[in-house]
Amino acid sequence: MAHMAFTTPPALTVGFDLDMTLIDSRPGIRACYQALSERTGTYIDADLAVTRLGPPLAEELINWFPAEGIPAMADLYRAMYPAIAITATPAMTGAREAIAAVREAGGRAIVVTAKYEPNAKLHLAHLGIEPDAVIGDLWAEQKAEALREHDAGVYVGDHVGDVRGARTAGALSVAVATGPCPEEELRAAGADVVLTDLTEFPRWLSDYRPARA
């Protein structure tokens, strides 16, 4: 009689965006833009800039600097960033609990962000949030590269770009309405689930897991 082989289903991997999903990066980014403005003598409306977080840095800098100067300004901003922005940036409510919920479910939690990867890692280390992997410098559909590589079945983010990344990867798109995009816009972009914030994520995950079985 042949022995039946039982295979353990693969552990769920959940990807999270960083800015306005896991961290409230507005205070630090505002301060960094103000410092960049002072350093370069170029006007930047930092209050306006922090209302549209999500896309890559260059897409914001192009509003304030000539195109040929963007690479140098991006390098300067990123170099100034650790001393200015890290300690000023708190975790979003429910961020630690959301990561913990994935772990308690036997899953892996990764961070996939458009932020410069070394600075993303500094934020997480400062806040004591320890995902299984951090992949930076990917925006919107590009995020699918990392989500596929890590076999992420769920991607959690706050921006329509995050929804596009999840859908491109074939992952379930879970959106939180804590960033620049309201619930209706996230739903219209194709989010499968929209939560008010991450405090709702552990309960959602516990309901979602039996449905996978």
Exercise. What is the calculated FRET efficiency for A83 to D132, with r their C-beta to C-beta distance and R₀ = 22 Å, to the nearest 0.05?
Worked result: 0.20
Problem set entry | Projected label distance in nm at E183 and Y43, using a 7 Å step from Cα toward the beta-carbon | 3.8 nm
Problem set entry | Charge sum, other residues only, whose C-beta stays under 14 Å from I70's C-beta, Lys/Arg counted +1 and Asp/Glu -1 | -3
Exercise. Counting only protein heavy atoms and using a 1.4 Å probe, what share of the accessible area of region 43-94 belongs to carbon plus sulfur, as a whole percent?
Worked result: 62 percent
Problem set entry | Simple spin-label estimate for I62 and R103 in nanometres, 7 Å along Cα-Cβ | 4.0 nm
For this session: Step through the residues of region 101-117 one at a time and calculate ³J(HN,Hα) from phi using the Karplus curve (6.51 cos²θ - 1.76 cosθ + 1.60, θ = phi - 60°), rounding each to whole Hz and writing x for Gly and Pro.
Result: 4, 5, 5, 5, 7, x, x, 10, 10, 10, 10, 10, 9, 7, 5, 3, 4
Problem set entry | Pairs of Cα atoms farther than 19 Å apart, region 100-148, % | 29 percent
Exercise. Along region 140-156, what does the Karplus equation 6.51 cos²θ - 1.76 cosθ + 1.60 (θ = phi - 60°) give for ³J(HN,Hα), rounded to whole Hz, x for Gly and Pro?
Worked result: 6, 4, 4, 4, 4, 4, 6, 4, 5, 4, 9, 6, 6, x, 9, 10, 10
Problem set entry | Loop-located trypsin sites (Lys or Arg not before Pro) in region 1-109, at most 14 other Cβ atoms within 10 Å (DSSP) | R52
Problem set entry | Per residue value of the accessible surface for region 57-135 (all protein chains in place, 1.4 Å probe), Å² | 45 Å²
Exercise. For region 129-177, which whole-number percentage of the solvent-accessible area (1.4 Å probe, protein heavy atoms only) is attributable to carbon and sulfur atoms?
Worked result: 40 percent
Seminar exercise, completed: Interchain or sequence-distant (5+) residues whose placed amide H lies within less than 5 Å of the amide H of F16 are I110, V111, V112, V156
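The values are calculated or read from the model by the stated rules, or taken from the named source; none is laboratory data. These numbers were taken from a predicted model, which means no experiment stands behind them. Note: ideal-geometry Cβ built from the backbone for every residue, glycine included; neighbour counts use all protein chains shown. Just so you know, the surface numbers come from the protein's heavy atoms only, side chains and all, with ligands and any DNA or RNA stripped out. Shrake-Rupley method; radii C 1.70, N 1.55, O 1.52, S 1.80 Å.
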